[in-house]
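Bear in mind that the values in this text are calculations on the coordinates, not laboratory data. Bear in mind that the values here come from a model prediction, so they are computed numbers and not experimental data. Counting neighbours? That spans all protein chains shown, and the Cβs are built from the backbone with ideal geometry, glycine included.
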Amino acid sequence: MSDTTDQFGRLFVVVAGTLLALAAGWLLFVEYAGDLADILGILLALTLGGIALRIAAGIAESQFPSYNVAEVGVEGPITRDGGGSRPIPTGPVGATADEIADQIDAADDDPAVDALLVKLNTPGGEIVPSEDIRNAAADFDGPTVAYATDVCASGGYWIAAGCDEIWAREPSLVGSIGVIGSRPNLAGLADRLGVSYEQFTAGEYKDAGTPLKEIEEHERQYLQDMIDESYDQFVERVAEGRGLAEEAIRDTEARVYHGEAALELGLVDEIGTREDVTDRVEERLGEEVSVREFSPHRGPLARVGMGARSLAYAFGAGLASRVDADGLGFDLRT
């Protein structure tokens, strides 16, 4: 169907739906309501017309879509819950991993969508949520292009490696193919405060990494083995997605690179702006593209909560960068 036909179709649905609602409102609230209710009836008719306009516009968009490419953003730390369970947010609050994966799935199910853009501006985050987003992008039925804006590091690169192409800007920071684990050591502080640690567990390593006791060497090795296994998985994902040798990936030693250096190493395919990326998608699809952003829908209370957490991050970013947000135990992330 041509663009002109789609435009006329959308216009017809919107106008017809609005006029029908206005006519119904006039008959219900004005014509049969009596003279004293005329003013109120007109207001109600206009309200009904406005509601109908929104509904008709939605129907028109679904029946005559004006887009053929979906864009899904991954911004801020990658977490299962968007940072909502953390007392101090560790970065700008974005959508949760499940929400992002759901939006990619929704784009894949949308018959109007022929290609997917994944916008990345993230320092990384939790491993399994990063893998969930990567799998959703890798399973998308059509061309997938990841493009880095400011930062595409660690878990962000884990996701990007699941796309057909990766683009970046010249100043973008790309890479950090590595895994980090951390635990605060509060044993000395507990001794000075006269706090003793006593815990009852079943299983030798159940309390490995607990911050109120000194870590033993075999526990340190156990935790390091966990990190090494996660790192091996990361390297395998990148090697599979990028067609690079695992040894070459390990040689990066988890460094981050500006766009041009990342291009030379094969970590990205092209350097360019978002307009360049859409030109590339047009080339792959063989037709002009129009992009629609797919983002999670939140109610007013959820939006207020996300805004409050973003404000908390902006106010206390310096402190948050020094504190293990999980509070206790061993924190493992890309």
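Structure notes:
- Remark: spin-label model distance Asn135-Ala202 equals 3.0 nm, labels positioned 7 Å along the Cα→Cβ axis.
- Label point distance in nm, Asp276-Ala23, each placed 7 Å from Cα along Cα→Cβ: 5.4 nm
- Under a 5 Å amide H cut-off, with hydrogens placed 1.01 Å from N, Ile78 pairs with Gly124, Gly125, Glu126 among residues at least 5 apart or on other chains.
- The packing ranking of peptides 122-131, 235-244, 164-173, highest mean first, is 122-131, 164-173, 235-244, where packing means the average number of other beta carbon atoms within 10 angstrom of each residue.
- Computed over Cα pairs, the Kirkwood radius of the range 117-194 leads via Stokes-Einstein (1.567 mPa s, 4 °C) to a diffusion coefficient of 93 µm² per second.
- Counting beta carbons within 10 Å around each of Phe234, Phe12, Phe294 and listing the fewest first gives the order Phe12, Phe294, Phe234.
- Phi-based couplings in Hz for the range 220-228 (Karplus 6.51, -1.76, 1.60; Gly and Pro marked x): 4, 5, 4, 5, 5, 4, 4, 5, 4
- Taking amide H as placed 1.01 Å from N in the peptide plane, the amide H of Ser66 sits under 5 Å from none that are at least 5 places away or on another chain.
- Amide proton proximity set for Asp114, modelled H, under 5 Å, gap of 5+: Val69, Ala70
- The range 116-129 - phi-based ³J(HN,Hα) in whole Hz, Karplus 6.51/-1.76/1.60, Gly and Pro as x: 10, 9, 10, 8, 10, 9, 8, x, x, x, 6, 6, 5, x
- FRET efficiency, 1/(1 + (r/R0)^6) with R0 25 Å, evaluated for Arg80 and Val195 via beta carbons: 0.20
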